């Protein structure tokens, strides 16, 4: 049984730490208040660039750790809860987690 399979099953603390790091970076660059329409506004392109940067870090780690389907699902779920805890609106959270899952799936097919 490959070690990467076990990491995908039991690497929960690393996955949680990564999700926290991603959520912290996102909240630093695009705070929850901006996502709810309060405060300063960013262009859609600026928001896209921020999200792509955060998601690319997640994809990079998923490759480095050889995360399988279970590990990727855990990462998406952990990120969802971290964003919820930070106060992002549900629609934004859904968009981010969907983008993360889609992007990780596409990167997997390229490999």
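Throughout, read-outs are computed from the coordinates displayed, never taken from laboratory work. Quick caveat, the model's predicted, so the values are computed rather than measured. Cβ: placed from backbone, ideal geometry, glycine included. Neighbour counts: every protein chain shown.
So what's the angle, to the nearest 10 degrees on a 0 to 90 scale, between helix 44-64 and the longest Cα principal axis of the chain?
It is inclined by approximately 20 degrees.
How far is helix 90-110 tilted off the main Cα axis of the chain, in degrees rounded to 10, range 0 to 90?
The angle comes out at about 40 degrees.
Take the alpha-carbon centre of the stretch 20-48, take the same for the stretch 51-75, and report the distance between them in whole Å.
So the two Cα centres are separated by 20 Å.
What is the angle, in °, between the Cα long axis of helix 12-29 and the longest principal axis of the Cα atoms in the chain? Nearest 10 is fine, range 0 to 90.
Once rounded, one gets 20 degrees.
Given a cut-off of under 8 Å on Cα pairs at least six residues apart, what relative contact order in percent is computed for the chain?
This gives 40 percent for the chain.
Nearest 500 deg cm²/dmol is fine: what mean residue ellipticity at 222 nm does the chain get from its DSSP H runs of n ≥ 4 alone, each adding -39,500 (n - 2.57), divided by its residue count?
Result for the chain, helices only: -26500 deg cm²/dmol.
In terms of the Cα gyration tensor, with a ≥ b ≥ c the square roots of its eigenvalues, is the stretch 42-111 rounded because a/c is under 1.5, prolate because a/b exceeds b/c, or oblate?
Oblate shape, in that a/c is at least 1.5 and b/c is the bigger or equal ratio.
What is the order of 88, 30, 103, fewest Cβ neighbours within 10 Å to most?
103, 30, 88
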